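K.L.:
This is the structure I have questions about; it appears just below.
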Amino acid sequence: MDKRIFVTQPSLPPLSEFVASLQKIWDSKVLTNGGEFHQELEKALCQYLGVKYISLFNNGTIALLTALQALNIKGEVITTPYSFVATTHSLLWNGLTPVFVDIDPETLNLDPRKIEAAITDKTTAIMPVHCYGRPCDVERIGQIAKQNGLKVIYDAAHAFGVQVGGESLLNFGDLSALSFHATKVFNTFEGGAIISNTPEMKQRIDHLKNFGFTDEVTVVEAGINGKMSEVNAALGLLQLSRMDQNLKERLEIATRYRSGLSAVKGIRIPTLDEGVVGNDSYFPIFVENDFYLDRDALYERLKAQNIYSRRYFYPLISDFPMYKDLPSASKANLSVAANAASQVLCLPIYPGLTTAEQDRVINAILPQ
Ligand SMILES: Cc1ncc(COP(=O)(O)O)c(C=O)c1O
């Protein structure tokens with residue numbers, strides 16, 4: 001049987017480089033609480049990403065929870081059902097009511113044409129997701145938010161390094177939350193961050209992620225422990241030095257998949273708008289009705305050949321037990337998202353996936 005191919009595999013620096021960083025941590029005995037590696041990684045990420053302020057976190061979920069706290073969000077929040085469940089869980093953990101709005105079939109993100117109809121007098125914010133690192137319609141969402149006095153918190157867990165019109169996608173909205181989980185384009189084992197636009201907001205977030213302490217003896221609010229450790233930050237610095245090469249390899253894999261699969265009847269591969277620099281964090285394909293197999297049969301066929309694709313994002317968040325009884329979770333309200341969830345398959349993509357392995361994936365999909 002051929003070697004197993006998983007949907008992703010984490011990139012790691014040579015162990016010897018990481019051991020040298022660990023030696024420094026051992027010598028300094030500073031393990032966390034904003035040490036040298038933490039400060040250095042914040043600086044390096046601001047520069048690499050082209051953002052003004054960043055606050056590092058221990059994971060993306062705590063970053064989302066804290067972003068909502070930092071903006072004092074209350075009541076109802078408009079969001080997408082087509083994402084990883086942490087997006088909406090962050091609302092429940094803050095006592096907020098998610099209001100699901102359907103997605104656009106092209107961007108696979110919140111459909112701006114459907115947002116306004118979901119706004120009520122209880123709505124205070126919109127939490128869109130740049131799904132697969134594909135940009136939301138940030139201009140239109142920004143206009144709707146402004147006209148209706150709403151905050152925008154982007155779940156940018158997939159959007160590391162993505163640019164629109166030469167600018168970082170992370171600069172749109174009031175706040176953007178990133179994930180640096182092991183499966184992400186940029187990983188620190190576990191980790192995350194919030195991007196903010198003013199020094200005051202960064203400071204508020206930094207207090208919130210450190211139990212609400214503003215100095216040694218003053219606690220101003222009920223903060224949480226969201227701090228990134230020195231070990232994670234040190235890994236992040238090594239990862240960052242390889243980002244350009246990693247993104248290049250991802251693009252090459254995506255290009256090979258595109259050329260091998262784009263003419264296949266019944267397989268739809270979404271494209272990026274002009275002016276967008278993506279990150280190829282995922283390679284979603286949509287298995288349409290005129291393909292010779294349905295999506296689940298293709299998933300099983302790949303699995304039988306030791307190729308482990310993933311049905312991201314199926315089921316929809318709105319189908320999970322804690323959300324399914326919300327009025328906005330009804331199938332009729334979310335038909336585009338339901339269709340995408342029934343057709344999507346994410347193919348293996350990660351630096352180090354060989355061309356022979358990519359061809360194995362392509363050949364396993366082609367009609368036999
Ligand atoms: C869209 C999205 N939001 C939030 C998260 C949560 O991030 P983390 O795993 O770092 O907590 C993830 C991934 O894990 C995600 O894919």
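K.L.:
I'm told ALA156 meets every condition in (1) out of contact with any Gly (no Cβ under 7 Å at 6 or more places or on another chain); (2) more than 13 Å from the ligand (Cβ to nearest atom) except one. Can you identify the failing condition by its number?
P.N.:
(2)
K.L.:
Please pick out the residue among LYS114, LYS151, LYS122 that is closer than 28 Å to ILE269 by Cβ and either surrounded by fewer than 24 Cβ atoms within 10 Å (Cβ to Cβ) or more than 13 Å from the ligand (Cβ to nearest atom) (or both).
P.N.:
Values: LYS151 fails: closer than 28 Å to ILE269 by Cβ; LYS122 fails: closer than 28 Å to ILE269 by Cβ.
Just one listed residue meets the conditions, LYS114.
K.L.:
Still on this structure, please answer the following. Within the range 205-216, does at least one residue satisfy the condition of being within 16 Å of the ligand (Cβ to nearest atom), modelled with pLDDT of 95 or more, open to solvent by 30 Å² or more (accessible area, probe 1.4 Å) and of a type in the set (D, E, K, R)?
P.N.:
No, the range 205-216 has no match at all.
K.L.:
Of the numbered conditions (1) open to solvent by less than 10 Å² (accessible area, probe 1.4 Å); (2) under 30 Å from SER90 (Cβ atoms), VAL277 satisfies every one except a single condition; which is it?
P.N.:
In the conditions (1) open to solvent by less than 10 Å² (accessible area, probe 1.4 Å); (2) under 30 Å from SER90 (Cβ atoms), VAL277 misses (1) alone.
K.L.:
Kindly indicate whether ILE144 is surrounded by 24 or more Cβ atoms within 10 Å (Cβ to Cβ), away from the ligand (no atom under 11 Å from the Cβ) and modelled with pLDDT of 95 or more.
P.N.:
no
K.L.:
While we're here: Taking the criterion of being in a loop (DSSP other than H, G, I, E, B) and either touching a residue at least 24 places away in the same chain (Cβ under 8 Å) or not charged (D, E, K, R) (or both), would at least one residue in the range 15-22 satisfy it? Reasoning before the result, please.
P.N.:
Of all residues in the range 15-22, those in a loop (DSSP other than H, G, I, E, B) come to none.
Looking through the range 15-22, none of the residues is in a loop (DSSP other than H, G, I, E, B) and either touching a residue at least 24 places away in the same chain (Cβ under 8 Å) or not charged (D, E, K, R) (or both).
K.L.:
For ASN333, which of the numbered conditions (1) open to solvent by less than 20 Å² (accessible area, probe 1.4 Å); (2) out of contact with any Gly (no Cβ under 9 Å at 6 or more places or on another chain) fails to hold?
P.N.:
Status for ASN333: all satisfied but (1).
K.L.:
Quick one: in the range 207-244, of everything that is of a type in the set (Ser, Thr, Tyr) and over 22 Å from the mean Cα position of the chain (by Cα), which residue is farthest from TRP26 (Cα to Cα)?
P.N.:
Ranking the qualifying residues of the range 207-244, first place goes to THR218.
K.L.:
Go through (1) assigned to a helix (DSSP H, G or I); (2) buried (at least 16 other Cβ atoms within 10 Å of the Cβ) one by one and return the number of the condition LYS303 breaks.
P.N.:
All conditions are met except number (2).
K.L.:
Step by step: first the residues of the range 181-193, then only those that are touching a helix residue (DSSP H, G or I) at 6+ places or on another chain (Cβ under 9 Å) and open to solvent by 10 Å² or more (accessible area, probe 1.4 Å), then the one that is nearest to the ligand (Cβ to nearest atom). Which residue is that?
P.N.:
Applying the first criterion (touching a helix residue (DSSP H, G or I) at 6+ places or on another chain (Cβ under 9 Å)) to the range 181-193 yields 181, 184-193.
With the extra rule that they be open to solvent by 10 Å² or more (accessible area, probe 1.4 Å), the set shrinks to 181, 184-185, 189-190.
On the way: HIS181: 4, LYS184: 7, VAL185: 11, PHE189: 10, GLU190: 6 Å.
Result: HIS181.
K.L.:
Based on what the data block shows, is SER318 more than 15 Å from TYR299 (Cα to Cα) and crowded, with 22+ Cβ neighbours inside 10 Å?
P.N.:
yes
K.L.:
Please verify whether LEU178 is more than 11 Å from the ligand (Cβ to nearest atom), surrounded by 24 or more Cβ atoms within 10 Å (Cβ to Cβ) and under 23 Å from VAL77 (Cβ atoms), treating the condition exactly as stated.
P.N.:
In short, no.
K.L.:
If ASN225 satisfies every condition in (1) within 16 Å of the ligand (Cβ to nearest atom); (2) open to solvent by less than 40 Å² (accessible area, probe 1.4 Å) but one, which is the exception?
P.N.:
Failed condition: (2).
Residue-by-condition table, conditions (1) in contact with a Ser or Thr (Cβ under 8 Å, 6 or more places away or on another chain); (2) under 30 Å from ILE362 (Cβ atoms); (3) hydrophobic (A, V, I, L, M, F, W, C); (4) surrounded by 14 or more Cβ atoms within 10 Å (Cβ to Cβ):
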residue	(1), (2), (3), (4)
ASP2	no, yes, no, no
VAL7	yes, yes, yes, yes
SER11	no, yes, no, yes
PHE18	no, no, yes, yes
GLY35	yes, no, no, yes
GLU40	no, no, no, yes
LEU49	yes, no, yes, yes
GLY60	yes, no, no, yes
LEU65	yes, no, yes, yes
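K.L.:
Take the residues in the range 81-100 that are away from the ligand (no atom under 16 Å from the Cβ) and in contact with a helix residue (DSSP H, G or I) (Cβ under 8 Å, 6 or more places away or on another chain), then tell me which one is farthest from SER342 (Cα to Cα). Outline the logic, then answer.
P.N.:
Of the residues in the range 81-100, the ones away from the ligand (no atom under 16 Å from the Cβ) are 95, 97, 99.
So of that shortlist, the ones also in contact with a helix residue (DSSP H, G or I) (Cβ under 8 Å, 6 or more places away or on another chain) come out as 97, 99.
Values: THR97: 26, VAL99: 21 Å.
Here the residue is THR97.
K.L.:
May I pose another question? Among the residues of the range 163-175, count how many are open to solvent by 10 Å² or more (accessible area, probe 1.4 Å) and within 15 Å of the ligand (Cβ to nearest atom).
P.N.:
1
K.L.:
Exactly one of (1) hydrophobic (A, V, I, L, M, F, W, C); (2) in contact with a Lys or Arg (Cβ under 7 Å, 6 or more places away or on another chain); (3) surrounded by fewer than 24 Cβ atoms within 10 Å (Cβ to Cβ) is unmet by PHE160. Its number?
P.N.:
Evaluating PHE160 over (1) hydrophobic (A, V, I, L, M, F, W, C); (2) in contact with a Lys or Arg (Cβ under 7 Å, 6 or more places away or on another chain); (3) surrounded by fewer than 24 Cβ atoms within 10 Å (Cβ to Cβ) leaves (3) as the failure.
The values are calculated or read from the model by the stated rules, or taken from the named source; none is laboratory data. Every value quoted in this text rests on a predicted model; they were computed, and no experiment measured them. Please note: Cβ atoms are built from the backbone with ideal geometry, for glycine as well, and neighbour counts cover all protein chains shown. Accessible surface is based on the protein model in full, side chains and every heavy atom, while ligands, DNA and RNA are left aside. Shrake-Rupley method; radii C 1.70, N 1.55, O 1.52, S 1.80 Å.
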